[in-house]
1. Round to a whole angstrom and tell me the spacing of the C-alpha centers of the range A:206-225 and the range A:1-75.
2. If you draw the axis that swings chain A onto chain B, which residue of A has its Cβ closest to it, and how far is that in whole Å?
3. Assigning unit charges at the beta carbon (Lys, Arg +1; Asp, Glu -1) and nothing else, what dipole magnitude in debye, to the nearest 20, does the protein assembly as shown show about its Cα centre?
4. Tell me which trypsin sites (Lys or Arg not before Pro) from the range B:172-207 have a DSSP coil assignment and no more than 12 other beta carbons within 10 Å of their own.
5. In nm, to one decimal, how far is the A:I3 label point from the B:D55 one, both placed 7 Å along Cα→Cβ?
6. Can you pull out the buried accessible area for chains A and B, both sides counted, probe 1.4 Å, rounded to the nearest 100 Å²?
7. Just to confirm the number: angle between the C-alpha axis of helix B:280-289 and the first principal axis of chain B, 0 to 90 degrees, nearest 10?
8. Exactly which GluC sites (Glu not before Pro) in the range B:260-366 are in a DSSP loop and have at most 15 other Cβ atoms within 10 Å?
Number of protein chains: 2
Amino acid sequence: MEIQRTKIVDIFDPALVGKKVCVKGWVRTRRGNKHVQFVALNDGSTINNIQIVIDLEKFGDEELKPITTGASLHVEGLLVESQGKGQNVEIQAESIEIYGTADPAEYPLQKKGHTFEFLREKAHLRMRTNTFGAVMRIRHHLAFAIHKYFNDHGFFYLNTPLITESDAEGAGDMFQVTTLDLDNLPKTDDGKVDYSQDFFGKHTSLTVSGQLEGELGATALGAIYTFGPTFRAEQSNTPRHLAEFWMIEPEIAFLQLDGLMALEEDFIKYCVKYALDHCADDLAFLNKMIDNSLIERLEGVLKEDFVHLPYTEGVKILEEAQQKGHKFEFPVSWGTDLASEHERYLVEEHFKKPVIMINYPKDIKAFYMKQNDDGKTMQGTDVLFPQIGEIIGGSVREENYDKLMAEINRRHMGTKSLWWYLETRKFGTVPHAGFGLGFERLVLFVTGMQNIRDVIPFPRTPNNAEF
Amino acid sequence: MEIQRTKIVDIFDPALVGKKVCVKGWVRTRRGNKHVQFVALNDGSTINNIQIVIDLEKFGDEELKPITTGASLHVEGLLVESQGKGQNVEIQAESIEIYGTADPAEYPLQKKGHTFEFLREKAHLRMRTNTFGAVMRIRHHLAFAIHKYFNDHGFFYLNTPLITESDAEGAGDMFQVTTLDLDNLPKTDDGKVDYSQDFFGKHTSLTVSGQLEGELGATALGAIYTFGPTFRAEQSNTPRHLAEFWMIEPEIAFLQLDGLMALEEDFIKYCVKYALDHCADDLAFLNKMIDNSLIERLEGVLKEDFVHLPYTEGVKILEEAQQKGHKFEFPVSWGTDLASEHERYLVEEHFKKPVIMINYPKDIKAFYMKQNDDGKTMQGTDVLFPQIGEIIGGSVREENYDKLMAEINRRHMGTKSLWWYLETRKFGTVPHAGFGLGFERLVLFVTGMQNIRDVIPFPRTPNNAEF
C-alpha cells in the first residue's frame, strides 16, 4: 500500500528520521557519480529541497535516465540524517515512480540562472523557480495577513463591483466592457453607438477603485475592507505600473484623522511583521539573492514610530534641501504634487523612518477628502516608505453634504452617476475615513523585488495579456 | 474628553454595566412617551441594537426632533441593566450629538418592511437593514473561513488574471475589454477591427474561470486556490445568475479522485460549521425571518457523510423514479446533463443527504477532465446540496498529454491560446485535481436567501450595473 505523502515543508521534522516516508515533487537538480546519485526534489511547499539519495546498485541506469531537471517524481524511502553539508536529512530511495519527464532539449528552466525578463515570457513556469516560488508564497502570506488583520479587528470584507457605470475619482483611463459586436456596432439615429443594446444597457467600464462603494458599506456595517482587482488603462510601461492590480481599501465609520493614521501604521506594521514571522526561509533566500538589506529594512519599519508630517512642513524641508544644493529632477514648492524622489528624500535621507504626510493642498487631491478650516488643505494621509515612496494613500472623507457639493461644483464634476454616493451625506452622515493600499506595492516592498511584473503571477501591461 | 467608543457588538458585556460608555450608530427606531424616549441604535457591527433611554427632563423636545430613523448619533451615558424585555442592557443617555439627520420625507428606509425588489433599487442603503446587514456579515465570515481553511491546509492564494486572451473552457459568452474608441474604430485594410491598436494588442475578454492558470500554480507551488471575480455575459435574468460573481478555485498537485472528494466534503463542512460558530445571531435572525428550516439544514449537512454516487447509478435512480410516476420537467436518461430538479431529487428525496456525483459522461463535461478507462466517462466530482443543487463542480484533471490532445482534437478545439496550459503536461506532468465553488451559491445556501442578487452587495445583471 502506498504510504501517505509528506509535503517537503514537513519532512525536515527530526521525529521522522528513521521512518519510511513518501514525497512527491519536481527535480531541481541531479548530480552524482557512478555509485550514487543525488536528486534535489522540490514540491513548492517550501523553498527547501529534499535530497534523494539513489544507490546505483539498486536502480538501473536506464530507469534513472528520465530523471532530469523538471521531471516529476513519487519517491519512497528511508529518511535519514544527512552525511552531506547544507541539509539535515535526506531520503534513501527505495522506490521511484516517474510521473512525467521534462525533455532537457525543450524544458526552458534548466539549472543555470535566467533573467527575470526571460522568465516573464515563461510566466506559466516561472513559479517553479526559487525566486518566484518565494515571491508567490510571500504574496500568499501577506494576503492572509491582510484578511486576518481586518477580521480580527471587526472589519467586514466587502466585494465592491468590478464592472461599473461610474468613474470613481475621475482617475482617468479606464477599460471599456462591452458585449456589442465591434464588427457590427449598433448605432442610434444620430450615428452614435447604441449602448441601450449593450449588456448593461449603458456604457460600462472596469473599476479603478472600490472606495465609493466601500463608503456605502462603512456607513452601514461600520467598518469594511475591499481586497480585489482594480484596473487602469494607462499606457505606462514602467516597473511600477500594471493595468490590472489588486487593491485593499478599508473604510471606517466614526474614524477621524488621528485614528486613521494610527490604523495605517498599525496595519502596515502588522503585515510586515507577519511576513517576517511566517516567511523566514523565503525572506532569507531573497535577502541573500535579491537584496542584502531587505530584512534589515523590514525590521527597520517595525522599530520606528512613523513621523506625522504636514505637507506644508514637508515642502519646507524639501525647499531647504534644494537651497542647500540637493538636486531634484522636479523642483518643489507649495502646491507641488510630490514625486517619488521627494517622498524618498524625506523618508530615506531626512527622517530615516516612514512618514505619514497629512493635510495636502486640495488641488492635488481628490474631491471627497475632508476639507480643513484653512480653506486650502484637505485631510489626506499618505504613508511614505523607503524604496517604494507612497505605499498607502488615505484620507478622512468630507462628510458634510454642502461642503462636498461645493467642492464638486468647484471642480465642474458631474453628479449624475454619483447620486447614491451623495445620499450617504444626506441620510445619517457620519465622520469616516479610509485608505487604499496597492497590494503589489506591498509585495514589492516585502520581497525586495524591483519590478512589479515580478510580484504578480500573470502581469497585464500594454500589449501583454498572455496566459 | 471624549470617552472611547465601544462597538455595539461589544456593549452587551456584563462587565460594562455601571460604567459610562460611548456608542455611535444609526437610529433604527424611536418610540416613547412624554417622559421618556427609547432609541434603538445600530452601528452595523451586530444585528442587535442597543437601546438608548432618553429622559425628557434632561433633553429638550427641539433637540430630539431630528432623531428619526436613519439619523446618526454619538451617545454617551451610563450602561445599566434593562428594565424592559428583549434586551439585557441599555444606555441612560447623558449626552447626544447628532452627526447627521435623515429627513423622514426623503429617507427610504422607514421602519416598515420593504420588499427585496424595492431594496435592490436602494442597494446603496440596503446594507443598513437587518436582513442585508446579516447577509453581508455572514458573507464576510464565509470569505474569511475560506481563506483560513486553505491557509491552514498549506494552500497558497493565487491571483489569476481577470483580463485574458483565452476562453477557459469555451464557457460561452464573455465580456470584451477594450480601450478602442467605439465611435471611431481603427480598421485593418480588409475592414476588420484593428486589435493591434487595442491596449493589449489583441482581442481580450474578462475571465470566466481561473482554473487553467490555477493549474499552472498547482504544478509549481503544490496547492493553490483562487478567490476572485469571474464574469459571464449570459442574458439570464434568473434568481440564480449574476454577470459578475466570485469564485473559489483550489487546485492541488498529486491529488486523485478519493482525495478530491474528501477535500470537497471537508472544505464545505468547514465553511458551514464556521458560519454556525461565528454568525449565531445573524443566522438566528434569518432562521426566524427568512427560512425556518435554515439552521436545521445547515446542521444537517454537518451530520451526514456525503454519498459518493457514480453518474450511471444516479441516472438509474432517476429513471426508476420516472417509471414510478415522478414527473420531471426534463426527462432523464444516460447522457443527460442533469438539471437542478434531478440533483435535488437525489439529494432531498432519495438520499436525504448531500451527494458527490462522479464519473460523468464525457460529452457533458469539460475537455480537461481525467478520462476513465471505460472510454465513456470522466472523473468529474460535483457536490449536490439540498435547495441549491450543484454547489461545487470539480474534477481530476487529465494529466496525460496524449489523452488530453486526443480529447481536444475530438472536440475540434483550437490549441493556439492554450500552448502554456499544454506545457504543464509536457514538462513534469503530475496527477492533479481541483474544484470550483461559486461564492454566492455558498452564501445563498448559508443564509437561506432565495435570490442571488440579495447576497452580493451590488449585483450585475442584464441592464443593471448601477452603484
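The values are calculated or read from the model by the stated rules, or taken from the named source; none is laboratory data. These numbers come from a predicted model, not from an experiment. Please note: Cβ atoms are built from the backbone with ideal geometry, for glycine as well, and neighbour counts cover all protein chains shown. What goes into the accessible areas is simple: the full protein's heavy atoms, side chains included, and nothing from ligands, DNA or RNA. Shrake-Rupley method; radii C 1.70, N 1.55, O 1.52, S 1.80 Å.
1. Measuring centre to centre over Cα atoms gives 49 Å.
2. Per the Cβ-to-axis criterion, the result reads A:H147, 2.
3. Using Cβ point charges on Lys, Arg, Asp and Glu, the protein assembly as shown gives about 720 debye.
4. Qualifying residues, ordered by number: B:K192.
5. That separation, rounded to one decimal, is 7.6 nm.
6. Details: alone 23050 and 23030 Å², together 37010 Å².
Roughly 9100 Å² of accessible surface disappears when A and B pair.
7. Approximately 90 degrees, to the nearest 10.
8. On the way: sites: B:E264, B:E265, B:E296, B:E299, B:E304, B:E313, B:E319, B:E320, B:E329, B:E341, B:E343, B:E348, B:E349; in loops: B:E304, B:E329.
Filter output for the range B:260-366: B:E304, B:E329.
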